[in-house]
Amino acid sequence: MNTNVEYINKGREILTVLNTNGYQAYFVGGVVRSILLDIPFSEIDIITSANLDQIKKCLKNHETTVIDENKLALFYKAEVFFISTFRKASEKDKKKIKRLHYSESLQEDLVSRDFTINAIAMNNGNMLTDTLNGYRDLSRKKLRAIGNAKQRFKDDPIKILRTIRLISELGFRPTFKTVNALSSRAKYLKDLQLDYLVVREVKKIFEGKHLKLAIKYIEKTKIYKYIPFFQKPLKRLTNRYIEVDFETLAIASFVANNTIPTVFENFFENMKQVEQLTNLVAATSKADFPDLVLYTYGLENCLKVNNANLLLSKRYVKPRKLKTKYNKLPIKGTCDLAFKGEDILVLTNNVSGDFLPKIVEEMEYKVITKELDNDREELKTYAIARLNEILGHKKEYNVFRSIYKE
C-alpha cells in the first residue's frame, strides 16, 4: 500500500473530479480525525452531494462496487476509497428505527454521524467544516455522541462496540452522557449475531494502543455481559488485566464455547495454528508446559496459551518463569542440533529419502527429553545406528552399509 501522503493525494484528485462536475465533496470521519491528530490512517471516506449514479458517471473509468443505497467503494489507482452521498437521519415515529436518507446538505450529513470527532469535513483546500465542535473535542480528547445517544445505540448496537474501539484506538474518554448511554443500552448488544462486523469491531478494540482504558469502560458499562461469545474471557480481563492480543481472546473464547465459528476464518492467516493452540488450551487443565511442548510450539505461542489459560481462570505461569524455562532448552530448533540432516546425507553419500526427516525428528525428541545430549559424536552414533536399522536390509542401500558402521 502507498504511504498516507500518496493515498490522500489520490483522494484529492477524486474531490477535484467531483467538484469540477459541480458537486460538493469532502473528506470526513476517521481520515480527517487522523490528519488533525497527525496519526496514520488506513482508509479514506468521502462524502458528496452527488448521488451514486452521478458518482459513477464522474468516475466512469474506474471500478466501483455499491455497498448500500448511499455508499460505494471506488477502486482508484490501486487504492480503495469509500464514497457516500450526503445523508440525513429521519424517523417517522418513535417505534420505528431511524433510517438514513439522501440529502443535499453537508450539515444534515454531519449531524447524522455518531461522534463529534467524526463529524468534521475537510475540503480540497484543507478548510474544515466543524459545526458540532469536533475539533474542540479532539483537543480535549473527549468522545461525545451526537444527538440522542441512547436512541442511536438502541437503533444500531454495533455503535456501542465502535465507541469502545475509539477509546482503545485514541485513548479518548467518553463524556458522562455517552457513558450513561453505553450502560443503559449495552443490553441491546445481545441482539447482534456473531457476524463479520461484530468480530471486526472486537478485533480492532484489541489492536488499539489504549486497550487497558477500553477494558476499563467495558467493565464500567458491563458491556461484557451482553457479548455471550466473548463474555467469560472479557469478564476475567476486567478483573485482572494483562496485555493480550485478539488471537488470545479468540482462543479463550473458542475453548469457553467449545466451538470455532467459521466467521473467524476471515481474521487469521494461519487458522490451522489457531486451532492447534485452541486444542492445546482445551487439553490442559493446568498451566503445564513440559520441555517438549515449549520446543514444539515455541515461546511466543506458549505465552499466548498461558494468557488464554488466565482468561479462562486456569492456572497461570508467570511469563518470566516460562521464558527462563524456554531459555534452558538444549535446542530451540532443528538448526541447533550438533549433528544435522546434512551431516546424515554425508553418511549416505547424498542419498535421501523419508528416513532423513524421521531420524532428525527422533534426534530432536531425544535431545529435548534428555535421552541424548546435544553432542555431535553422540548424535552421529545414534544416526548411524538408525540408518542401519531402517536401511540396512534394503539391497539398494547395501553399498553404503560399510559407511553406516563407521
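Since every read-out is calculated from the coordinates, none of them should be taken as a lab result. Note that the structure is predicted; figures quoted are calculated from it, not measured. Cβ placement follows ideal geometry from the backbone for every residue including glycine, while neighbour counts extend to all protein chains displayed.
Using mean Cβ contacts within 10 Å as the protection proxy, how do 61-68, 123-130, 226-233 order, highest first?
226-233, 123-130, 61-68
Cβ under 9 Å from residue 304's Cβ, residue 304 left aside: what net charge do those residues give with Lys, Arg +1 and Asp, Glu -1?
Local charge sum for residue 304: -3.
Please list the non-local residues whose amide H lies under 5 Å from the amide H of residue 148, H modeled 1.01 Å from N, same-chain partners needing a gap of 5 or more.
Here the answer is none, since no amide H 5 or more places off falls under 5 Å of that of residue 148.
Shape of region 140-211 from its Cα gyration tensor (a ≥ b ≥ c, root eigenvalues): rounded if a/c is under 1.5, otherwise prolate when a/b > b/c, or oblate?
Here region 140-211 falls in the oblate category.
Work out, in µm²/s and without decimals, the Stokes-Einstein translational diffusion coefficient of region 208-319 at 25 °C, 0.890 mPa s, Rh from Kirkwood over C-alpha pairs.
Roughly 170 µm²/s, to the nearest whole number.
With a sphere of radius 15 Å drawn around the Cβ of residue 295, what net charge do the other residues whose Cβ falls strictly inside it have (Lys, Arg +1; Asp, Glu -1)?
Neighbourhood net charge equals -2.
So what is Rg over Rh here for region 262-325, counting just Cα atoms and using Kirkwood for Rh?
Across region 262-325, the Cα-based Rg/Rh ratio is 0.98.
Would you mind listing how long region 98-228 runs along its three principal axes, going by Cα atoms, in whole Å with the largest first?
45, 31, 27
Mind sorting 58, 302 by how few other Cβ atoms lie within 10 Å of their own Cβ, fewest first?
58, 302
With charges set only on the Cβ (+1 for Lys and Arg, -1 for Asp and Glu), what does the dipole of region 1-81 come to about its Cα centre, in debye to the nearest 20?
220
Between residue 124 and residue 293, with labels modelled 7 Å along Cα→Cβ, what's the label distance in nm to one decimal, could you check?
Here the answer is 6.2 nm between the modelled labels.
Where does the chain land at 222 nm, in deg cm²/dmol rounded to the nearest 500, when only DSSP H runs of n ≥ 4 count, each adding -39500 (n - 2.57), divided by all residues?
-15000 deg cm²/dmol
If the viscosity is 0.692 mPa s and the temperature 37 °C, what translational diffusion coefficient in µm²/s does Stokes-Einstein give for the chain when Rh comes from Kirkwood over Cα pairs?
So the translational diffusion coefficient is about 129 µm²/s.
What size of dipole, in debye to the nearest 20, comes out for the chain about its Cα centre when the only charges are +1 on Lys and Arg C-beta atoms and -1 on Asp and Glu C-beta atoms?
2480
Place a point 7 Å from the Cα of residue 366 along the Cα-to-Cβ direction; which residues of region 333-359 have their backbone N under 11 Å from it?
359
Add +1 for every Lys or Arg and -1 for every Asp or Glu among the other residues with Cβ under 9 Å from the Cβ of residue 183, and state the total.
Residues close to residue 183 contribute a combined charge of +3.
Quote to one decimal, in nm, the extra length available between residue 61 and residue 207 on full extension: 0.36 nm per residue of separation minus the C-alpha distance between them.
48.9 nm
Report the antiparallel proportion of the DSSP beta bridges in the chain as a percent, rounded to a multiple of 5.
Bridges in the chain are about 75 percent antiparallel.
Mind pulling the angle between the C-alpha long axis of helix 376-391 and the longest principal axis of the chain? Nearest 10 degrees, somewhere in 0 to 90.
80
Between residue 222 and residue 197, what is 0.36 nm times their sequence separation minus the Cα-Cα distance? Round to one decimal in nm.
7.0 nm is the gain from fully extending residue 222 to residue 197.
How large is the Rg to Rh ratio of region 282-368 when both quantities use alpha carbon positions and Rh follows Kirkwood?
1.13
How many nm separate the modelled label positions at residue 342 and residue 283, each set 7 Å beyond the Cα in the direction of the Cβ?
Going by the 7 Å Cα→Cβ label model, 3.3 nm.
What distance in nm separates the simple spin-label points at residue 385 and residue 231, each placed 7 Å from Cα in the Cβ direction?
5.7
Could you tell me the ratio Rg/Rh of region 209-260? Both radii from Cα atoms, Rh via Kirkwood.
0.95
Compute the distribution of all C-alpha to C-alpha distances in region 1-137, in bins of 5 Å from 0, and list the percent of pairs in each, rounded to whole numbers.
Pair shares across the bins are 2, 10, 20, 24, 20, 14, 6, 2, 1, 0.
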